[in-house]
Amino acid sequence: MADRDFVPIDVKDEHPQSLEQLPSGVEDAGAIPKGTIDPVYEAKARVLNHAIQDIGMGWYQWQLFIVVGFGWANDNLWPIVTSLIFTPITNEFNPTRPPLLTLAQNIGLLAGAIFWGFGCDIWGRRPAFNATLGVTAVWGMIAAGSPNFAAIGIFAAFWSFGVGGNLPVDSAVFLEFLPGSHQYLLTVLSIDWAIAQVVATLIAWPLLGNLTCAEDEVCTRSKNMGWRYFVITMGGISLIEFFIRFVLFTIFESPKFHMGKGNDEEAVRIVHEVARRNGKESQLTIEDLKACEPLGGGTHVHTDAAGAVKRNLEKLSSKHVRALFATKKLAYSTSLIMVVWGFIGLGYPLYNAFIPYIQATKGKQFGDGSTYLTYRNSLIIAALGVPGALLGGVLVEIPRFGRRGALAVSTILTGVFLYCSTTATTSSALLGWQCAFNFCSNIMYAVLYAYTPEIFPTKDRGTGNALTATANRIFGIMAPIIAMFANLQTSAPVYTSGALFIAAGFCVAVLPFESQGKASL
C-alpha cells in the first residue's frame, strides 16, 4: 500500500506543540513520501501543523473560507461568461474563426497560471491573493465596450490572466491555515465554483435571452446589447469581491511560507495573531521551531537569516520544480497528476465551452432551439452542480474510498454521461444527460481541487499547483483549435471529450498517494 510511505519523522521532546495529538483519524503526515523534503523543514512543518490544530477551526478560517471562495467562483465564472457570450458575439461581429475567442481566453489562463502560480512561491501568497481578482474585474468591465472581435479577444485574454492565478494561489492560502481535521473543506469550497455557474446563467437568461439578435436577422450593436450588459455585470461582481478581500479582510502570509524562507519569528507571530482572531492563545514559541534544527553540523537546509538570503538568491532557479521530482515515486505522482489535469483541461472546454451552441443547434433539430430556452436549460444544468460539489465533500471522507476513489469514479462517470448524451432524440433527453454530466463533473472538480494541493509540500505547493494548472491550460488551448477544424454539428467533439475524461479517471486510479486523514505539510 502507498500509505506505508507516510512516515512521520521524530521531533525532539522539547517541542510542546509536537506532543499534542491531532484528532482521531488525522495523522501528522502529509501526502509526501519520507525523505523527499528537507528534514528540518518537515519537522518545523509538523510543529506548525500542531499549532494550527490547537487553534482549531475558528473565526479567521471561516472568514478565509468565504473570501477564498471568491477565487473558486471566478475560476468558473469567467470561462462560463466566454461560453455564454460566444453566440451573440459571433452573430454581431461575424468572425471568420469564432473559436479564436476561446483560444484567447485559454492563452490568458495559461499565462496567469504560470505567472501567479510560480510567483507565489517566490514573493508569497498575499500579493497574488488580492491582485488576481482586481485584474479580472478591471479588464472584464473594459471588455464590455469592445468595438470588434479582435478587441473582445484581447480583453478576454487580459481578464483571464487574472482568473488563471486564482486556484493555484487560493488553494495554497487556504490549506496552509486549515487544521488537519478540516481539510475536507477544501473540497466543499467547490460549492462556490458551482454557484458561480448558477449566478452567471441566471443573470444571462434575461439579458442574453431578451437582448440578443435572433439567428435569422441582421445583427447590429443596438439589437445585441445583452452580452455587453452581462460582461459589465460580471466585472462588477468581481470588483465587489476584490473590495471585500482587499479592504474588509486582512489576509496573513502563510506561516509555513515564512518558515520555509527562514523567517521563523514572523511565522510564530502570525500563528499567535490567528489564535487571537479566534479568541484563543497559542503556546507556540520560536524555541519550538529552533529546536527542530540539529545542534551539530550536517547537511540540511538552514532556516536562519543567512539561509534565507541564500534562498532569495536562488529564487529564479528551478529548485521548486526539482523538489517535486526528487524521487521516482514523487516524480511519478507529479507527472501523473499533470496528465490528469491535462486530459481534463482538454475534455471539459471541448464540450462545456460549446454547450450553448450544442443546445441551440440540437434544440433547433428538436423544434425548440430558441435563445430563451437555450439559456433556461443552461441554468437548469448549472443548478445541478451545487449538490454535486456538496456530495464531493462527503465522498472524500469515506474510509477506503477517499480522494482517489471519489475522483476516479466521478471522472469516469463524467465521460460516460457525455457518451450517453449522443443518444438523445429529444430536447428533454439531451437536457437530462447534460445535467448528469454537470453533476458528476462538479464532484470531479471539487475533489481534484482539494487533492492536488494536498500532495505537494508547502514550500513547493505554489509551483506544484502551477505545474498542474499549466498542463490544464496548455491542453485547454487545444480545445478551440480543435473546434475550428472539427465539425461541431457532429458528435465528434463529444466522443473525444468523453474518452479524455475516462482516460483521466483510470490515471487517477493508479495515483500513488492518498491524502485522506493526513495533515498537509
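Highest first, please rank the peptides 51-64, 272-285 by the mean number of other Cβ atoms sitting within 10 Å of their residues. Mind dumping the intermediate values first?
Numbers: 51-64: 18.9, 272-285: 16.4.
Ranking the peptides 51-64, 272-285 by packing returns 51-64, 272-285.
I need the P(r) histogram for region 189-299: all alpha carbon pairs, bin width 5 Å from 0 out to the longest distance, whole percents.
2, 9, 11, 11, 11, 9, 8, 8, 7, 6, 6, 5, 4, 2, 1, 0, 0
Just subtract the alpha-carbon distance of Lys329 and Arg276 from 0.36 nm times their residue separation and send over the number in nm, one decimal.
The span from Lys329 to Arg276 would gain 15.0 nm if fully extended.
How large, in percent, is the carbon and sulfur part of the accessible surface of region 122-183 at a probe radius of 1.4 Å?
75 percent
Indicate the gyration tensor shape class of region 125-263 (rounded, prolate or oblate), computed on the Cα atoms with a ≥ b ≥ c the square roots of the eigenvalues: a/c under 1.5 is rounded; otherwise a/b larger than b/c is prolate and the rest oblate. Walk me through the numbers before you get to the answer.
Details: a/c = 3.20, a/b = 2.16, b/c = 1.48.
It comes out prolate by the Cα gyration axes.
Where the centroid of each part is defined by its Cα atoms, how far is region 170-235 from region 243-282 in Å?
Centre-to-centre distance over Cα atoms comes out at 31 Å.
With 24 Å as the cut-off, how large is the P(r) tail for region 90-194, expressed as percent of Cα-Cα pairs? Kindly include the intermediate steps, with their values, before the conclusion.
On the way: 1908 of 5460 pairs.
Here the tail beyond 24 Å accounts for 35 percent of pairs.
Taking the alpha-carbon centroid of each part, what is the distance from region 89-143 to region 429-479 in angstrom?
What the calculation gives is 17 Å, centre to centre.
Starting from the Cα of Glu397, step 7 Å along the direction of its Cβ; do the same at Val218; then give the gap between the two resulting points in nm.
Using points 7 Å along Cα→Cβ, the separation is 6.2 nm.
Please give, to one decimal in nm, the separation of the simple spin-label points placed at Trp59 and Thr422, each 7 Å out from Cα toward the Cβ.
5.7 nm
Can you give me the accessible area per residue for region 392-469, using a 1.4 Å probe, in Å²?
On the way: 2150 Å² over 78 residues.
Heavy-atom accessible area per residue stands at 28 Å².
Sorting Lys328, Lys256, Lys223 by accessible area (1.4 Å probe), largest first, what list results? Show your work: numbers first, answer last.
Working: Lys328 190, Lys256 10, Lys223 105 Å².
Output order, biggest surface exposure first: Lys328, Lys223, Lys256.
Tally Lys and Arg at +1 and Asp and Glu at -1 over the other residues with C-beta under 13 Å from the C-beta of Ala73: what net charge comes out?
That works out to -3.
The values are calculated or read from the model by the stated rules, or taken from the named source; none is laboratory data. Model, not experiment: these values are computed from the prediction. Cβ: placed from backbone, ideal geometry, glycine included. Neighbour counts: every protein chain shown. Ligands, DNA and RNA are stripped out before the accessible areas are found, and what is left, the full protein with its side chains, is counted by its heavy atoms. Shrake-Rupley method; radii C 1.70, N 1.55, O 1.52, S 1.80 Å.
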